[in-house]
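A short reminder: the numbers here are calculations on the coordinates, not readings from a lab. In this text the structure is predicted, and so the values were computed from the model without any measurement. Cβ atoms come from the backbone with ideal geometry, glycine included; neighbour counts cover every protein chain shown.
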């Protein structure tokens, strides 16, 4: 590893640069806590690639995800936050220092905030990526309102698919729910769904694989192709919502002392601190998070205040 004194040192390193991370950086840098954000993908996270956000406070007409992400970035940078592109592969606890292995070499921080969020699991069919945010969606509360009196296809058979499909019934004229094998949702959700089935708002198609999302350039999604009982089927649709789970971006802490839940989200105490003192987590990566941009921003602010409390009274560590 060479001379340890050559390793760059920071007060706070935030892993990720989504709404939780950027909000935390606004708070830390305003209090003169030197902060570096390390982002492997797009600044703004999933929010930045969301076509329009209608439920973020303060924007009565909605706001483009990319615009919101850009404004958060400008605000954080105005107070002195630094953003670097790269990937963190591991975090090691060295008592007063936390060592981060990154694609830009080793870095040390007195405190770390993990705000890497999660990615929607994809079904990996033709058209899914091409029509992302232009007819293919992964968040009903984010994008459902765009489909008032439209036909929708929902893919999935678990709790999230049933919950989101039920939510979408307030907008869509009809929903075709494509379940690859059998329903895995809870009995309570199944019972609730039957009300919409009887009303003709939802049709459940069991044993139906989703094969392709079909659309037209400039028009968006027009239909979904599938296979049911060995036969090709198609469903007319103005939009497709995929709910087959979330994949937490926590692989890089798998070998650390940080505790994960059964799905891979990071466990924290009420102060948003992980099992490693001085390492915090906020936003969608945190176990129990609500997966909403507004609450992610709130958690980022809370985490920043807890990080300040953690650093207060601790003498700046001296390298040996």
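Listing for the model above:
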quantity	calculated
Selected residue (criterion: surrounded by the most Cβ atoms within 10 Å (Cβ to Cβ)) from residues of segment 191-228 that are touching a residue at least 24 places away in the same chain (Cβ under 8 Å), over 26 Å from residue 129 (Cα atoms) and out of contact with any helix residue (DSSP H, G or I) (no Cβ under 7 Å at 6 or more places or on another chain)	201
The lone exception for residue 278 - which of (1) more than 19 Å from the chain's Cα centre (by Cα); (2) surrounded by 18 or more Cβ atoms within 10 Å (Cβ to Cβ); (3) under 26 Å from residue 21 (Cβ atoms); (4) without any contact (Cβ under 8 Å) to a residue 60 or more places away in the chain it fails	(4)
The one condition in (1) surrounded by 14 or more Cβ atoms within 10 Å (Cβ to Cβ); (2) without any contact (Cβ under 8 Å) to a residue 60 or more places away in the chain that residue 46 fails to fulfil	(2)
Condition met for residue 123 (under 19 Å from the mean Cα position of the chain (by Cα), farther than 27 Å from residue 57 by Cα and buried (at least 17 other Cβ atoms within 10 Å of the Cβ))	yes
Looking only at segment 132-162, and only at residues there that are free of Cβ contacts under 8 Å to residues at least 60 places away in the same chain and assigned to a helix (DSSP H, G or I), the one that is surrounded by the most Cβ atoms within 10 Å (Cβ to Cβ)	162
Meets criteria (in contact with a strand residue (DSSP E or B) (Cβ under 6 Å, 6 or more places away or on another chain), part of a strand (DSSP E or B) and either surrounded by fewer than 24 Cβ atoms within 10 Å (Cβ to Cβ) or without any contact (Cβ under 8 Å) to a residue 24 or more places away in the chain (or both)) for residue 93	no
Qualifying residue in segment 32-42 (condition: loosely packed, with under 15 Cβ neighbours inside 10 Å, assigned to a loop (DSSP other than H, G, I, E, B) and touching a helix residue (DSSP H, G or I) at 6+ places or on another chain (Cβ under 8 Å))	no
Yes/no for residue 24 being touching a residue at least 40 places away in the same chain (Cβ under 8 Å) and closer than 23 Å to residue 306 by Cβ	yes
Residue that is surrounded by the fewest Cβ atoms within 10 Å (Cβ to Cβ), among those in segment 281-297 that are without any contact (Cβ under 8 Å) to a residue 60 or more places away in the chain and closer than 24 Å to residue 58 by Cβ	290
